[in-house]
1. How well do other chains shield peptide B:58-70, expressed as the mean number of their Cβ atoms within 10 Å of each residue Cβ?
2. Report the residue, chosen from B:GLY301, B:GLY328, B:GLY255, that carries the largest GNM mean-square fluctuation when chain B is represented by alpha-carbon nodes joined by springs under 10 Å.
3. When a footprinting reagent is the concern and you count Cβ atoms within 10 Å, what order do B:SER254, B:SER212 take, fewest first?
4. Suppose we look only past 43 Å in the calculated P(r) of the protein assembly as shown. What percent of the Cα-Cα pairs does that tail hold?
5. Once both axes come from the Cα atoms, what is the angle between helix B:139-160 and the longest principal axis of chain B, in degrees from 0 to 90, rounded to 10?
6. For a quick check: with amide H placed at 1.01 Å from N, whose amide H comes under 5 Å from B:TYR351's, ignoring anything fewer than 5 positions away on the same chain?
7. Taking chain B as the reference, fit the longest principal axis to its C-alpha atoms, fit the long axis of helix B:195-211 to the helix C-alpha atoms, and give the angle between the two in degrees, 0 to 90, nearest 10.
8. Take every DSSP beta bridge with both residues inside chain B and express the antiparallel ones as a percent of the total, to the nearest 5.
Amino acid sequence: MKYLRFIFLSIAILGLLACAKPPQAEIDAANAALTEAKNAEAEIYAPDSLKAAQTAIADMQAELDVQQGKFALFRSYEKAKELANAAKQAGEKAKSDAEAKKQQVKAEAETLMNEVKTALNEANDLMKKAPKGKGSKADIEALQADLGAVQPMIDQAQASFDAGKFMDAKTKLEEAKAKVSSVKDAINQAIEMSKGKKTAQGKKK
Amino acid sequence: MKFLYKSLIILIFLALLSYGIPYYIENKENIKEPKQIEEISKKILYKGQKLEAKTEEAQNYYYRGRKQVIYQKNKLFLFRDYSYSNYLFQKSFEIALKETLNFKEKQKKEKEEFLKKLEEAKFINSQIMEIFDKIPLGSYNYKRFLISSASLKEAENLYNLKIFDKAKKKLENAYVENENLYIKIKESLKNFYSPEKLREWKNLYNEALILSNELNVIVVIKDERILKVLRNGKIFKTYSVEFGKNPLEKKTKSGDFATPEGRYKIVEKKGFNKTKYYLALLLNYPNEEDKRRFEEAKKKGLIPKNARIGGLIEIHGDGGQGIDWTEGCVALQNEDMKELFNLTSKGTPVYIIGSKGNNNVLSNLDDKKIWKNSKKS
């Protein structure tokens, strides 16, 4: 009877030890947090935070691998659970960082959109003021093709913006800004040159 | 006695615990987690990744290092050995650092090259602008100049916005545009200032000077953009003028926006109500010489068979617009036109020449600096 009690107790302890299973809920939560961070475009908006989350997941996986490599009776998933929780937190941070940065980039893109549109209108107005010849268009209108390329760039940026691709929109708008400002500078240069000739005419007399 | 032995053993054991283990830990290398090297390795890895340097290999070493740390942490602390993790982090650090430095060096070199090329292109552009200030190069060249100037500015703007790849491509195009335009202008000016033409224009000018001893003579000098009134063998008045879209070309046909060259005279004086352009002096273009040249050009196929010779070349008002805007006429500012109108009469000789040989644009074009700069790139 005494032996039987010992055997049952041993079986119960062994059973408890053998039941040490990976903390699946925590692991799933960590992986889900990483996926959510990726869905929030953390790769674009919070790459450092995303890398930290990926490293935390890799740590968790390494711990799980170590435990899996042990004899069943000696496995312990306490550390893996800790690492999974840390990975989950890192994933959540990457997501919130990405969302915050995305909002910031969105605001920047909106400002940039207004700036580019204003600059385009100004350039078009400048173009209209350019002196023209007898029945011919102004030479400055040679820049019309360059200026004409700005509106499609704005349209593409708007499409990206509407699709929630704010970083892409911002990059496109920066390029549009570079173009429109270069055309504006060239028009102003041409107007200055034309004014310069007028002044010279006054002096020569 | 037995108690004494037991006590001695316990004492030795305690001594081992209090001195031996700390001594073992102190002297055994790599028993502590290599946090410092891991942190440095991570920092440089992230930096490299941000720069888009080649960091895949370094990243691989870093992750393997982390895996080793986890593995060692699962051992009893006395048996931990982080030497392999240390090695992996060290390796990751070395590779990431090397790649990052290489990338930065490459980037620095590319930026230096970009800025050097940008400076050269801007220099060529400024040279072209200077030529435009001195000589009327025509609408076509002017349009190309505006486009190439805008390209150059766009390249610079993109660079300032740190959109380097696009800035580089744009600069390549802008550089070629500016250089080609410079070469084209240089070639056309060489043709324009050919020794034969200069000789012919000089003769015409001398002829006008001699003739001015008898009556007022008008001389239009294209490359200086001026109209002179000669009187008693001297310059009596000088006015600035504007031409058509092809100011340096010699007129050959209708619609070429060029101003004719040669000996002409005023055939009609148009008062305020007879011209759209304030006041006008109609010239006898085409003269016999123009007609002969026109037919010859047609025979040689230099102009289309259905081309017409054109006419209605005038010296008129409404000038001072700052551009070459006429269809081949010579435009003056209105107050100048009024003065000129009163100085002339029907029959007043008008000499239109390309140059008096005073313009030093061509000699500036041979400035070695520009070619020394551009050929280096």
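Derivation of every value follows stated rules applied to the coordinates shown; laboratory data play no part. No experiment lies behind these values; they were computed from the predicted model shown. With ideal geometry, Cβ positions are generated from the backbone for all residues, glycine too; neighbour counts draw on all protein chains shown.
1. Whole-number average of other-chain Cβ neighbours for B:58-70 is 3.
2. B:GLY301
3. B:SER254, B:SER212
4. Here the tail beyond 43 Å accounts for 51 percent of pairs.
5. Helix B:139-160 and the main axis of chain B meet at about 20 degrees.
6. B:ILE218, B:VAL219, B:VAL220, B:TYR264
7. 40
8. Rounded to the nearest five, the antiparallel share is 70 percent.
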